[in-house]
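Please read the structure below before turning to the comments.
Every read-out reported here was derived from the displayed coordinates using simple, explicitly stated rules and does not represent laboratory data. From a predicted model like this one, the values you see are computed outputs, not experimental measurements. Because the Cβ atoms are built from the backbone with ideal geometry, glycine has one as well, and the counts that use them run over all protein chains shown.
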Amino acid sequence: MSILVSIALLIVGVYAILGLTLYFMQPSFLYRPVREVEYDPGDLDLAFERVALPTQDGLKLAAWYVPAAGARYTILFCHGNSGNISHRLDTIHLWNELGFNILVFDYRGYGQSQGQPSEEGTYRDARAAWDWLVRDKHVQPERIIIHGRSLGGAIAANLAAQVEPAGLIVESTFTSYEDLGKEFYPYLPVHWFASFKYRTIDAVRRAACPVLVVHSRNDELVPFEFGRRLFEAADEPKQFVEIDGRHNDGFLFSAETYRRALLDWVGSLDQAAARRARPGG
């Protein structure tokens with residue numbers, strides 16, 4: 001009997017140590033910033049503006065604004081949890097080729113941005129990017145599309161729920177931090193240990209704008225089901241686009257499908273705006 005008790009206590013001890021380790025290591029698991037900025041849009045022969053975005057709590061964030069001739073919309077892009085803006089040149093080039101301005105910024109603690117990352121901090125950082133576009137670039141809110149990929153989708157959705165953009169794109173994103181934790185650690189009481197929320201699904205419900213959800217059935221990090229649940233939570237008008245490829249390269253692997261989906265969806269925004277502009281529309 002004493003042996004069984006000892007084994008039980010050992011299991012409980014190991015379980016507790018594992019849980020506490022995961023709890024305290026969460027920030028390093030979630031945020032994977034890289035400080036060195038290796039490339040910039042100039043390496044793609046793109047004209048761009050270096051921007052220092054001021055946050056509400058006194059930090060300066062590094063950002064690039066890349067214009068496109070005759071652009072109808074400006075993309076505010078929120079990147080994922082790893083690297084920095086120099087690792088998003090594929091996305092910058094894509095939107096520029098499609099004829100859209102794009103503002104891409106680094107969260108606090110990423111690249112050349114000041115501070116240390118936190119959930120509330122990333123929300124403030126996205127708001128700083130929005131405020132700069134509206135206040136300093138004089139871009140009308142109805143001409144801004146907020147696009148977030150992976151963790152950036154949660155941040156983009158939170159911003160879209162607070163402002164009135166032309167539309168929101170949520171790509172390869174989880175429904176909530178807790179839901180994602182349960183996928184990785186089904187044997188742990190994640191609800192007790194989770195120190196972040198990032199409840200994308202709640203923000204998507206509150207977003208009063210057209211929503212495009214993009215997800216790959218082959219996503220090995222964020223289950224395809226999460227994308228479907230986000231789509232179901234969004235109000236009309238909304239659209240779901242399934243792509244192929246892994247979590248980090250689906251938009252490249254499915255390049256033609258992806259590009260066409262973006263153009264078609266933006267076209268639907270134009271059509272809706274035209275209907276509203278008609279007398280009695």
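A few remarks follow.
- Anchor Lys197: aspartates and glutamates whose Cα lies under 13 Å away (excluding residues fewer than 8 positions away in-chain): Glu119, Glu120, Glu178, Asp179
- With eigenvalues of the C-alpha gyration tensor scaled by 5 and rooted, segment 2-277, Å: 35, 22, 17
- Convex hull of segment 118-234 built on C-alpha atoms - directionally averaged projected area, nm²: 7.1
- Cross-link partners of Lys60 among lysines (Cα-Cα below 19 Å; sequence separation of 8 or more within a chain): Lys137
- Relative to the longest principal axis of the Cα atoms of the chain, the long axis of helix 119-131 lies at roughly 0 degrees.
- Where labels lie 7 Å past Cα in the beta-carbon direction, separation of Glu220 and Leu252 in nm: 1.5
- Computed FRET value (nearest 0.05) for Ala208 with Asp131, which takes r as the C-beta separation and R₀ as 25 Å: 0.85
- Residue-count net charge about Gly115 - beta-carbon cut-off 10 Å; Lys, Arg +1, Asp, Glu -1: +1
- Based on alpha-carbon atoms, the Kirkwood radius and the radius of gyration of segment 13-162 give Rg/Rh equal to 1.03.
- Cα centroid separation - segment 66-133 against segment 208-235, whole Å: 21
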